[in-house]
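I have placed the structure first, in the form of structure tokens, so that the comments after it can refer back to it.
The values are calculated or read from the model by the stated rules, or taken from the named source; none is laboratory data. Keep in mind it's a predicted model, so treat the numbers as computed, not measured. Cβ: placed from backbone, ideal geometry, glycine included. Neighbour counts: every protein chain shown.
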Amino acid sequence: MNNKIKIILVDDHVVVRAGFKMLLAAGDSIDVIGEAARGEQAIQLYLELKPDLVVMDLSMPGIGGLETIRRIIQRDTNALILVFSVHHEQVYINRALNAGAKGYITKNSAPDILTKAINAIMQGEIYVESGLLKGAVEPSPKNDHQHIVAEFSAREFDVFNLLAQGLTVHKIADQLCLGHKTVANYATQIKKKLQVDTTAELARIAVNLGIMVL
């Protein structure tokens, strides 16, 4: 049927994509026309297939979800993107919406929420899972660390998050497909901006901002 909503699924786990596809196929209004495991592939597929909407995870190797959203929006300001992530913290929601996403739900949401979100976005709405908004705690606007992290680029934010989790520069480089020296430079810049010397201090900041839970 030509009136089906054309979707691209973006997630680096094949099993997760298969589950999404099966869930969406349960109805008769959505057609998954493409799948990607990385942001770079998603951008290429978007330009080739011109879907109605992209359902995307944030945590992926390569350029990552936030940067992928930004680049797709740069190429098509009318692009519709729904984030489907394990992260429920307010900072991720804010950054995804600021990058250009039109919706945000978690992978723990009820199955019908995915289709509900897709339909809402297709009708021109911004859809954020209600439980996320209810449980969100806005940091104080006067919090210096909050302001600094909010100004991070998408790549700086990815590196900051992984450093806070305790990953080494080499492991981060492998996960993000970046050079070790590039990641080391990011790490130095991040610590300098936040005026800290250790990854333990980065972890404390991440916990205080609700980005990470110990």
* **Complete set of residues in segment 48-104 that are β-branched (Val, Ile, Thr), surrounded by 19 or more Cβ atoms within 10 Å (Cβ to Cβ) and part of a helix (DSSP H, G or I)** => THR68, ILE69, ILE72, VAL91, ILE93
* To do: With the condition kept exactly as written, say whether any residue in segment 51-61 is in contact with a Ser or Thr (Cβ under 6 Å, 6 or more places away or on another chain), under 30 Å from LYS181 (Cβ atoms) and in the same structural domain as HIS180 (by TED's automatic domain parsing).
  => no
* Any idea which of (1) assigned to a helix (DSSP H, G or I); (2) modelled with pLDDT under 85; (3) surrounded by 20 or more Cβ atoms within 10 Å (Cβ to Cβ) is the one LEU162 doesn't satisfy? -> (2)
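Each row is one residue, and each column tells you yes or no for (1) more than 17 Å from the chain's Cα centre (by Cα); (2) at pLDDT 85 or above; (3) more than 16 Å from HIS87 (Cβ to Cβ).
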{"position": "ILE148", "(1), (2), (3)": "yes, yes, yes"}
{"position": "PHE152", "(1), (2), (3)": "no, yes, no"}
{"position": "ARG155", "(1), (2), (3)": "no, yes, yes"}
{"position": "ASP158", "(1), (2), (3)": "no, yes, no"}
{"position": "VAL169", "(1), (2), (3)": "yes, yes, yes"}
{"position": "ALA173", "(1), (2), (3)": "yes, yes, yes"}
{"position": "THR182", "(1), (2), (3)": "yes, yes, yes"}
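Quick one: which of GLY19, GLY100 is closer than 29 Å to HIS145 by Cβ, modelled with pLDDT of 85 or more and small (Gly, Ala, Ser)? Even if it seems obvious, please write down each step before you answer.
Details: GLY19 fails: closer than 29 Å to HIS145 by Cβ.
Residue meeting the stated conditions: GLY100.
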* Asked: When you go through (1) modelled with pLDDT under 95; (2) over 23 Å from ILE113 (Cβ atoms); (3) under 20 Å from the mean Cα position of the chain (by Cα) one by one for GLY65, which number turns out not to apply?
  -> (2)
* Structure fact -> Exception for MET122 within (1) closer than 28 Å to ILE72 by Cα; (2) at pLDDT below 90 falls at (2)
* State which residue pairs qualify: first residue within 19 Å of ILE211 (Cβ to Cβ) and inside segment 59-82, second residue polar (S, T, N, Q) in any location, beta carbons under 8 Å apart, and separation of 6 or more residues or different chains. => SER59/SER85; MET60/THR68; GLY65/SER59; GLY65/SER85
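Which one is surrounded by the most Cβ atoms within 10 Å (Cβ to Cβ), of the residues in segment 172-212 that are assigned to a loop (DSSP other than H, G, I, E, B) and either without any contact (Cβ under 8 Å) to a residue 40 or more places away in the chain or in contact with a Cys (Cβ under 6 Å, 6 or more places away or on another chain) (or both)? Explain how you work it out, then say what you get.
To start, the set of residues in segment 172-212 that are assigned to a loop (DSSP other than H, G, I, E, B) comprises 177-179, 195-198, 209-212.
Of the ones still in play, those that are also either without any contact (Cβ under 8 Å) to a residue 40 or more places away in the chain or in contact with a Cys (Cβ under 6 Å, 6 or more places away or on another chain) (or both) are 178-179, 195-198.
Details: LEU178: 21, GLY179: 10, GLN195: 10, VAL196: 16, ASP197: 10, THR198: 10.
If we take residues in segment 172-212 being assigned to a loop (DSSP other than H, G, I, E, B) and either without any contact (Cβ under 8 Å) to a residue 40 or more places away in the chain or in contact with a Cys (Cβ under 6 Å, 6 or more places away or on another chain) (or both), then LEU178 is surrounded by the most Cβ atoms within 10 Å (Cβ to Cβ).
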